[in-house]
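Here the structure is laid out as structure tokens; the discussion comes afterwards.
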There are 2 protein chains.
Amino acid sequence: MTIKDIARLAGVSVSTVSRVLNNHPDVSEDAIKKVMAVVQKYNYIPNTSARNLGMSSSDNIGLVVRGISNPFYTKIITAIGDKIEKSGYTMVMQQITTDEDELRIAAMMEKDKRLQGLILLGGHLNHTKEQVASINVPFVCCTFSNVYGNLDNEQYSSVCIDDEENAFNAVKELYKKGHKKIAVLLSDVDDGTVSQVRYAGYRRALREFGISEDENLIIPIHSFNIADAYHEMGNWLKKGIDFSALFCISDNMAMGAMKALREAGKKVPDDVAVIAIDGIEASEYTNPVLSTFCQPMEQIGIKAVNVLVDIIDNEGTHKHLTLPTTLREGETLK
Amino acid sequence: MTIKDIARLAGVSVSTVSRVLNNHPDVSEDAIKKVMAVVQKYNYIPNTSARNLGMSSSDNIGLVVRGISNPFYTKIITAIGDKIEKSGYTMVMQQITTDEDELRIAAMMEKDKRLQGLILLGGHLNHTKEQVASINVPFVCCTFSNVYGNLDNEQYSSVCIDDEENAFNAVKELYKKGHKKIAVLLSDVDDGTVSQVRYAGYRRALREFGISEDENLIIPIHSFNIADAYHEMGNWLKKGIDFSALFCISDNMAMGAMKALREAGKKVPDDVAVIAIDGIEASEYTNPVLSTFCQPMEQIGIKAVNVLVDIIDNEGTHKHLTLPTTLREGETLK
């Protein structure tokens, strides 16, 4: 007899059985009665193979954060942690570098931490069915979706903004101010991350506005780090390529780029207009204040947990939510 | 028979028993043999009271982060999470607001998450023996110590910088540049937090340099938030009080203050010199770059875990580590 059998016989979810057995505070008296009736009737004891002890006891939800110390994630992690706790689960978080494979880490974590479900915060948009086969619990892609992969919508959930559309709109803001020589600062054009899809929005905007794409205006930094953005932007500026505006795929990268622009004697926004996507708190305090499309970070975190817990607790279906952004006018547009 | 008995009979630590029983990858073959010999000899099975199932299975270390989304904690949390994982434990994190009581949350968490140990990231420096009586596992104060409380050194560990001395040195840097009208931006002068002890360092510096303290130059914002620093600094500037330098007790607060100074038409550093303590990444990208004493964040996180795991695994003693800072010259001193 497993806790799955108990769940079936008691008419409650597996996670409810788990919480009853683990003496979790957030469980109804009714659920306790139902579960304990089955436990007593069938004289249930856990697997006594010592190596498997405790396998039935987890209320863990895993959070894999891709991108160590990325400030964009700070508020989302806070919201996710708070909501997981309020839902009666325990958040187990692991931060990985962008060089690591989030699915491999997630699969190890699922076993090691006996997860009930999983949230991937940041990751690749090109996961395949083969790659996710190692994940045996429901999972939510948070801040991205499977744009370039072949997953069925029923295989995973996602909560994010429309990255392509937001990149399009960012470039549109620059175009509306008269800019045509618009550089783009990104991680890579084809790395299967949010960088690629935001680059696609940049390209579509150029096309729609009748601007021919210029390879010299693409600045790949091969990471999402503020320090790399600063250094690569500085190197690129030394080439002396003519441009009047810069679209940065993230606030963090824009902050690095603005320091490089200042050191190169370029005034923002008089010499170069700057716009980005994300809306982190620090970029409200730059000089000048960064113009950017703000993601609803708290809502992204809360909804990711809601979707996942609904699947775990109520056998809910996978969902795909696209949330709206808001433009922070800032001071870097002209 | 409990896992404590097994540990005693097998001659290994309780956490090693826990890890063997939980099939944890990071455990030696030798430990597995010793533990399983005892388990088989005594025919050990876990407590079969279903309500207590799993009570012996935790390898959780709790992390209570006081100050939601405070960017100062980002790198420390990353280092702590990484080191806990490498030590064979699981990090369970909870973020709380500065209004909440970290010890109450920690005590609840200890029960609910069956913690083996606890790290408090940020908190009060005035905990009493009565207040910590509810904590039954070893704990480490990370980024603070019990300066104003009555705990015995053997009751807790701490890993932090010398906050009083660093505040003294920050004011000394301003004094060396000729400043005597030095304002201080802080949370509160007597809130029992790092704000109080850094204020003490500010006062000692004024005393040693023969500057009489002026109440008008104390700017309390009643929080550690960047937005509050910005608003309260703006309000204070409207009073028109004469000053030439500003010591901010944190980088984050300095970033808020610098925006208020700019909006009030005060140039940094020409009109007002600014210095802070912490050394977060974002303040390297302000315009001008913030001058600040940088905490060794990664080392603080790693050492906090090392001290705790040594106590859990090896019955190590509590330790109190004070780590050095480094001055980032920056551009806000003149």
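Scanning the stretch A:256-266 for residues that are small (Gly, Ala, Ser) and crowded, with 19+ Cβ neighbours inside 10 Å yields A:Gly256, A:Ala257, A:Ala260.
Please tell me if B:Leu118 is in contact with an Asp or Glu (Cβ under 9 Å, 6 or more places away or on another chain), crowded, with 21+ Cβ neighbours inside 10 Å and assigned to a loop (DSSP other than H, G, I, E, B). Here the answer is no, as B:Leu118 does not meet what is asked. If you check A:Ser187, A:Ser195 for being buried (at least 18 other Cβ atoms within 10 Å of the Cβ), within 16 Å of A:Ala276 (Cβ to Cβ) and touching a Leu at 6+ places or on another chain (Cβ under 6 Å), only one passes: A:Ser195. Residues that are within 12 Å of chain A (Cβ to nearest Cβ) and within 19 Å of A:Arg114 (Cα to Cα) within the stretch B:80-93 comprise B:Gly81, B:Asp82, B:Ile84, B:Glu85, B:Lys86, B:Gly88, B:Tyr89, B:Thr90, B:Met91, B:Val92, B:Met93, listed in sequence order. Just wondering, is there one or more residues in the stretch A:101-110 that are in a loop (DSSP other than H, G, I, E, B), more than 26 Å from A:Asn153 (Cβ to Cβ) and not small (Gly, Ala, Ser)? Taking every residue of the stretch A:101-110 in turn, none turns out to be in a loop (DSSP other than H, G, I, E, B), more than 26 Å from A:Asn153 (Cβ to Cβ) and not small (Gly, Ala, Ser). Against the condition within 11 Å of chain A (Cβ to nearest Cβ), of a type outside the set (D, E, K, R) and under 16 Å from B:Val307 (Cα atoms), how does B:Ile105 come out, does it pass? Answer is no for this residue.
As a summary of the residue check, A:Leu115 satisfies the conditions (1) in contact with a strand residue (DSSP E or B) (Cβ under 7 Å, 6 or more places away or on another chain); (2) of a type outside the set (D, E, K, R); (3) closer than 20 Å to A:Leu323 by Cβ except for the one numbered (3).
One residue stands out in the stretch B:244-270 among those that are over 14 Å from B:Leu327 (Cα atoms) and within 17 Å of the chain's Cα centre (by Cα): the one that is nearest to the other protein chains (Cβ to nearest Cβ), namely B:Asn252. Answer yes if at least one residue in the stretch B:250-260 is acidic (Asp, Glu) and in contact with a helix residue (DSSP H, G or I) (Cβ under 8 Å, 6 or more places away or on another chain), and no otherwise. Within the stretch B:250-260, one or more residues are acidic (Asp, Glu) and in contact with a helix residue (DSSP H, G or I) (Cβ under 8 Å, 6 or more places away or on another chain).
Residues in the stretch B:267-321 that are among the β-branched types (Val, Ile, Thr), surrounded by 18 or more Cβ atoms within 10 Å (Cβ to Cβ) and in a loop (DSSP other than H, G, I, E, B): B:Val268, B:Val272, B:Ile280, B:Thr286. Residue check: is B:Ala304 assigned by TED's automatic domain parsing to the domain that holds B:Glu173, in contact with a helix residue (DSSP H, G or I) (Cβ under 9 Å, 6 or more places away or on another chain) and of a type outside the set (Ser, Thr, Tyr)? It is false that B:Ala304 is assigned by TED's automatic domain parsing to the domain that holds B:Glu173, in contact with a helix residue (DSSP H, G or I) (Cβ under 9 Å, 6 or more places away or on another chain) and of a type outside the set (Ser, Thr, Tyr). Can B:Ala170 be described as under 19 Å from the mean Cα position of the chain (by Cα) and under 27 Å from B:Val274 (Cα atoms)? Against the criterion (under 19 Å from the mean Cα position of the chain (by Cα) and under 27 Å from B:Val274 (Cα atoms)), B:Ala170 does not qualify. No other residue among A:Tyr148, A:Tyr199, A:Tyr175 is farther than 26 Å from A:Lys259 by Cβ and aromatic (Phe, Trp, Tyr) apart from A:Tyr148.
Just a yes or no: is a residue in the stretch A:160-176 touching a strand residue (DSSP E or B) at 6+ places or on another chain (Cβ under 6 Å), in a loop (DSSP other than H, G, I, E, B) and in contact (Cβ under 8 Å) with a residue 12 or more places away in the chain? Scanning the stretch A:160-176 turns up at least one residue that is touching a strand residue (DSSP E or B) at 6+ places or on another chain (Cβ under 6 Å), in a loop (DSSP other than H, G, I, E, B) and in contact (Cβ under 8 Å) with a residue 12 or more places away in the chain.
Condition check ((1) of a type in the set (Lys, Arg); (2) out of contact with any Lys or Arg (no Cβ under 8 Å at 6 or more places or on another chain); (3) modelled with pLDDT of 95 or more) across all residues:
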{"site": "A:Val132", "(1), (2), (3)": "no, yes, no"}
{"site": "A:Leu151", "(1), (2), (3)": "no, no, yes"}
{"site": "A:Tyr156", "(1), (2), (3)": "no, yes, yes"}
{"site": "A:Asn166", "(1), (2), (3)": "no, no, yes"}
{"site": "A:Lys172", "(1), (2), (3)": "yes, yes, yes"}
{"site": "A:Gly178", "(1), (2), (3)": "no, yes, yes"}
{"site": "A:Tyr199", "(1), (2), (3)": "no, yes, yes"}
{"site": "A:Arg203", "(1), (2), (3)": "yes, yes, yes"}
{"site": "A:Asn235", "(1), (2), (3)": "no, yes, yes"}
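For the stretch A:271-295, taking the residues that are touching a residue at least 60 places away in the same chain (Cβ under 8 Å) and under 17 Å from A:Gly122 (Cβ atoms), the one that is nearest to the other protein chains (Cβ to nearest Cβ) is identified as A:Ile280. Inspect all residues belonging to the stretch B:239-261 and state whether any of them is closer than 21 Å to A:Ala282 by Cβ and of a type in the set (Lys, Arg). Looking through the stretch B:239-261, at least one residue is closer than 21 Å to A:Ala282 by Cβ and of a type in the set (Lys, Arg).
Out of B:Asn136, B:Asn146, I need the residue that is more than 14 Å from chain A (Cβ to nearest Cβ), over 24 Å from B:Ser283 (Cβ atoms) and without any contact (Cβ under 8 Å) to a residue 24 or more places away in the chain. Which one?
Working: B:Asn136 fails: without any contact (Cβ under 8 Å) to a residue 24 or more places away in the chain.
That would be B:Asn146, the only listed residue that is more than 14 Å from chain A (Cβ to nearest Cβ), over 24 Å from B:Ser283 (Cβ atoms) and without any contact (Cβ under 8 Å) to a residue 24 or more places away in the chain.
In the stretch A:15-31, the qualifying residues are those that are surrounded by fewer than 19 Cβ atoms within 10 Å (Cβ to Cβ) and not in a loop (DSSP other than H, G, I, E, B), and the one that is farthest from the other protein chains (Cβ to nearest Cβ) is A:Asp30. Scanning the stretch A:52-79 for residues that are farther than 23 Å from B:Lys113 by Cβ, assigned to a helix (DSSP H, G or I) and either more than 7 Å from every other protein chain (Cβ to nearest Cβ) or modelled with pLDDT under 85 (or both) yields one hit, A:Phe72.
To keep it simple, each residue is scored yes or no on (1) part of a helix (DSSP H, G or I); (2) free of Cβ contacts under 8 Å to residues at least 12 places away in the same chain; (3) not assigned by TED's automatic domain parsing to the domain that holds B:Lys176.
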| position | (1), (2), (3) |
| --- | --- |
| B:Arg198 | yes, no, no |
| B:Gly201 | yes, no, no |
| B:Glu213 | no, yes, no |
| B:Asn216 | yes, no, no |
| B:Phe224 | no, no, no |
| B:Gly240 | no, yes, no |
| B:Gly256 | yes, no, no |
| B:Ala260 | yes, no, no |
| B:Gly265 | no, yes, no |
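Where residues in the stretch B:128-138 are in contact with an Asp or Glu (Cβ under 9 Å, 6 or more places away or on another chain) and not polar (S, T, N, Q), which of them is surrounded by the fewest Cβ atoms within 10 Å (Cβ to Cβ)? Among those that are in contact with an Asp or Glu (Cβ under 9 Å, 6 or more places away or on another chain) and not polar (S, T, N, Q), it is B:Lys129. Which of the residues spanning the stretch A:198-219 are within 24 Å of A:Ser158 (Cβ to Cβ) and surrounded by 21 or more Cβ atoms within 10 Å (Cβ to Cβ)? Across the stretch A:198-219, the qualifying residues are A:Arg198, A:Tyr199, A:Gly201, A:Tyr202, A:Ala205.
The values are calculated or read from the model by the stated rules, or taken from the named source; none is laboratory data. Because the structure is a prediction, the values reported are computed rather than measured. Quick reminder, even Gly has a Cβ in these numbers, built from the backbone with ideal geometry, and neighbours come from all protein chains shown.
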